[in-house]
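Engineer: Below is the structure I would like to discuss, written out as structure tokens.
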Amino acid sequence: MKLIGRNERGAGTGAARGADDPHHGIEADTEGWAISPDDTHTALPAQRTGVQTAPRPEGYGPESLVHVSARQLVDAIGPYARSAAPEAVEPEAASFESALAAREQAALESRHRQAADGGDANAASQLGALLLRRGDLADAEPYLRSAAAAGLRAAANNLGVLLHQQGQRAEAAQWWRQAAVAGSAPAAHALGLQLRDQGEEEAAEYWLHFAAEHGHPLGAYVLGDLMEHRRDVRAERWFKAAADAGHREAAYRLARMREAAGDKETAETWYRTAAARSHARAALRLGVLLEERAQEEPALVEEAARWYRQSAQNGEARAACALGFLLRDTGDLTAAAEWWQEAADAGDGTAANALGALHASRNEPVEAERWYRVALEAGDHNGAFNLGLLCAGAGREAQAEQWYRRAAYAGHREACNALAVILLQRGDESGAEPWFSKAAEAGSVDGAFNLGVLHAGRGDQQQAHEWYARAAAEGHGEAALQLAVAQEQRGHLTAALERYRQSAVGGSAEGAFRLASLLDRRGDADSEAEHWYAVAADAGHRRAQVRMGVRAAERGALEIAESWYRRAAEAGSRSAAFNLGLLLARQDSEAEAMLWYTRAADAGHGRAALRLALLALRRGEPVQAENWCRRAGEYGPAEVAERAARLLGALNAELSA
């Protein structure tokens, strides 16, 4: 697995250079500054010169190129010996091609200088641009000034670049304005940038608009940026113009705008455009969109992973983190942990938290704590919250409270809720309430629900229901359950059904059971009732499990009934234990049935105690039968107590006789 680091930008696909290329729109004779145009705050453009009109001195032009023999070249640059073994080549040795290019460049500069010194304004402009690009500002300035004074707009633009680099921004703006008035789009772009930075947005927009209208991609991008800042809908048009010209940041910004507008299909197209040009954030967002779509098209998972990988390798730690989660979801925890570590080492707190949770799930608290601390150091307050959870799980309540408090003061809503719970459990209701409120106001559904519980405990049902409703609207099943119970108690069964459904969908097993019970009582939705009983039973709801057992027994599916009764009985349901005993007795498993009757009776089940009394009488154990009769009378219900009393009376009469 590769370490995260920025890749070198490739040469492209063989198409013409786009606006992202550092030399886009720059001719050899006017190239002003080789700065990435994605950096719109510092990129200063150069422009193409006009047709040369000044006479050229003798010896100037293609016909007077210097012809160099191989011998002369060897004398100039040293011997060029071909080695049979590649590893024998000196790494620092200049290639033939580079040496030739350097010599031709020197010859070109010499010709430009000779012509410029002879009064050729075009040569002075080209020489000034060459020197400017090389960083020789002092030598470039007089040539650019003379050419600019002669009316060459390319020289005026490049002189503006030079003066801007020297910090002489006022004079730079004057020359850019002169070049822009003469029709230079790059100069208009540079002037617009400077005016924008000075806060003169109206004037900046004018010149940026000029540059954009004249096909300058950077001008279009900056104009779009300025308009988006002002929430001007025209921003999208100019981002598109720049993106169409190959500006990858513009493509990314356009994609974000389309995604925010809900047009994910168009957004994906522009993310692809930017990502294909190695835009790390675009590749990340493209991966996110593809992963979302992979829920319906699983084959997209692999493509999402590929874009995450590209983004991560271009320095985007969040992509490495996202790739880790994607791999975790596909079951490859080993690879997930490696990418999380890559991201965490690059300062991603979410990845560090993920590593902490992974170690916590493996019961490795020391490593978990280490990564949670790394997350916290990275500025992710989830780290403090997770440290609180870790300490609480280990029974270190005091430390848990400290971590919760730290995260809560940093605005972590679930930490606010957890801290409030600790305070409430300690009896500090007045201290808990503001933290519950802070959690709820920050969007914690648990905080809103707990605030409802707090108000309900005080008898303030109206306030309680307001908070329950707020939590239920966010999918909190237990909050919806409280509202449903209240509606049912008032006799509003239709409203209660809807709230019970909301509760069941929100994951409340009790809500699913009550929904099924209400449907069962109505008798007009048996299949739906069966469904919700099953949902609740699968979630471990014991009464639902008993009900599933009863329904199966009624259908004659005794094996299924026994399975449900056992699950509920082993979880502590006395009704399930009694029913299991009845089922086993009918299957002639009297000994095991006695065990389940006994467990049910010991848990306070009256019918089980009465059954044990009858069985004791059958075995001729009147004293044991009397004991079970007394217990059955205590446990009830009323009809069981009455029968137990009659049986006890008969026993006493028999014993007295």
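The values are calculated or read from the model by the stated rules, or taken from the named source; none is laboratory data. As the structure is a prediction and not an experimental result, all values here were calculated from the model. Heads up, the Cβs are rebuilt from the backbone with ideal geometry, glycines too, and the neighbour counts pull from every protein chain shown. Note: areas computed on protein heavy atoms with side chains; ligands, DNA, RNA excluded. Shrake-Rupley method; radii C 1.70, N 1.55, O 1.52, S 1.80 Å.
Engineer: Of the residues that make up region 645-657, is at least one in a loop (DSSP other than H, G, I, E, B), among the hydrophobic types (A, V, I, L, M, F, W, C), surrounded by fewer than 21 Cβ atoms within 10 Å (Cβ to Cβ) and modelled with pLDDT under 95?
Structural biologist: yes
Engineer: Here is a further query. Taking Gly388 as meeting all but one of (1) touching a His at 6+ places or on another chain (Cβ under 9 Å); (2) crowded, with 19+ Cβ neighbours inside 10 Å, write down the number of the exception.
Structural biologist: (1)
Conditions (1) closer than 18 Å to Ala553 by Cα; (2) at pLDDT below 95, marked per residue:
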{"position": "Ala568", "(1), (2)": "yes, no"}
{"position": "Ser575", "(1), (2)": "yes, no"}
{"position": "Leu580", "(1), (2)": "yes, no"}
{"position": "Ser589", "(1), (2)": "yes, yes"}
{"position": "Arg599", "(1), (2)": "no, no"}
{"position": "Glu626", "(1), (2)": "no, yes"}
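Quick grid of which residues meet (1) surrounded by 24 or more Cβ atoms within 10 Å (Cβ to Cβ); (2) under 25 Å from Ala204 (Cα atoms); (3) among the β-branched types (Val, Ile, Thr):
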position	(1), (2), (3)
Ala121	no, no, no
Leu132	yes, no, no
Asp136	no, no, no
Ser146	no, no, no
Glu171	no, yes, no
Ala179	yes, yes, no
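Engineer: Being among the aliphatic types (A, V, I, L, M) and part of a helix (DSSP H, G or I) is the filter here, so list the residues in region 285-301 that pass it. If you could, list the steps in order and put the result at the bottom.
Structural biologist: Taking region 285-301 first, the residues among the aliphatic types (A, V, I, L, M) are 286, 288-290, 294, 299-301.
The answer is Leu286, Val288, Leu289, Leu290, Leu300, Val301.
Engineer: Consider Gly160 carefully, then state whether it is under 50 Å from the mean Cα position of the chain (by Cα) and within 16 Å of Arg177 (Cα to Cα). Full working, then the answer.
Structural biologist: Values: under 50 Å from the mean Cα position of the chain (by Cα): yes; within 16 Å of Arg177 (Cα to Cα): yes.
Here the answer is yes, as Gly160 does meet what is asked.
Engineer: Right, here's the next one. Suppose we keep only residues that are open to solvent by less than 30 Å² (accessible area, probe 1.4 Å) and charged (D, E, K, R) within region 347-385. Which one would you say is nearest to the chain's Cα centre (by Cα)?
Structural biologist: In this case the residue turns out to be Asp348.
Engineer: Between residues in region 229-240 that are within 16 Å of Tyr252 (Cβ to Cβ) and of a type in the set (Asp, Glu) and residues that are open to solvent by less than 90 Å² (accessible area, probe 1.4 Å) and assigned to a helix (DSSP H, G or I), which pairs lie under 6 Å by C-beta distance while being six or more apart or on different chains?
Structural biologist: Sorted first by the residue in region 229-240, then by its partner, the pairs are Glu236/Met257.
Engineer: Kindly establish whether Leu223 is farther than 25 Å from Ala304 by Cα and in contact with a helix residue (DSSP H, G or I) (Cβ under 8 Å, 6 or more places away or on another chain).
Structural biologist: Working: farther than 25 Å from Ala304 by Cα: yes; in contact with a helix residue (DSSP H, G or I) (Cβ under 8 Å, 6 or more places away or on another chain): yes.
So Leu223 passes the test.
Engineer: Count, please, the residues in region 163-189 that happen to be in contact (Cβ under 8 Å) with a residue 60 or more places away in the chain, within 16 Å of Leu208 (Cα to Cα), under 45 Å from the mean Cα position of the chain (by Cα) and not in a loop (DSSP other than H, G, I, E, B).
Structural biologist: The first filter runs over region 163-189 and keeps only residues in contact (Cβ under 8 Å) with a residue 60 or more places away in the chain, leaving 164-165, 179, 184-187, 189.
Those left that are additionally within 16 Å of Leu208 (Cα to Cα): 179, 184-187, 189.
Those left that are additionally under 45 Å from the mean Cα position of the chain (by Cα): 184-187, 189.
Now restrict to residues that are not in a loop (DSSP other than H, G, I, E, B): 185-187, 189.
The qualifying residues number 4.
Engineer: Something else now. Report yes if Leu497 is closer than 30 Å to Ala552 by Cα and among the aliphatic types (A, V, I, L, M), otherwise no.
Structural biologist: Values: closer than 30 Å to Ala552 by Cα: yes; among the aliphatic types (A, V, I, L, M): yes.
Criteria met by Leu497.
Engineer: OK, next. What number of residues within region 453-504 satisfy the criterion of being closer than 27 Å to Glu429 by Cβ and part of a helix (DSSP H, G or I)?
Structural biologist: Qualifying residue count for the region: 30.
Engineer: I'd like to check something: does region 84-98 contain any residue that is modelled with pLDDT of 50 or more and open to solvent by less than 60 Å² (accessible area, probe 1.4 Å)?
Structural biologist: yes
Engineer: Another question, if that's okay. So which of Gly443, Gly507 is in a loop (DSSP other than H, G, I, E, B), in contact with a helix residue (DSSP H, G or I) (Cβ under 8 Å, 6 or more places away or on another chain), over 26 Å from Ala571 (Cα atoms) and open to solvent by 20 Å² or more (accessible area, probe 1.4 Å)?
Structural biologist: Sole residue among the options that is in a loop (DSSP other than H, G, I, E, B), in contact with a helix residue (DSSP H, G or I) (Cβ under 8 Å, 6 or more places away or on another chain), over 26 Å from Ala571 (Cα atoms) and open to solvent by 20 Å² or more (accessible area, probe 1.4 Å): Gly443.
Engineer: Right, here's the next one. Filter region 319-346 down to residues that are closer than 25 Å to Tyr252 by Cα and surrounded by fewer than 20 Cβ atoms within 10 Å (Cβ to Cβ) and give me whichever is nearest to the chain's Cα centre (by Cα).
Structural biologist: The qualifying residue nearest to the chain's Cα centre (by Cα) is Phe325.
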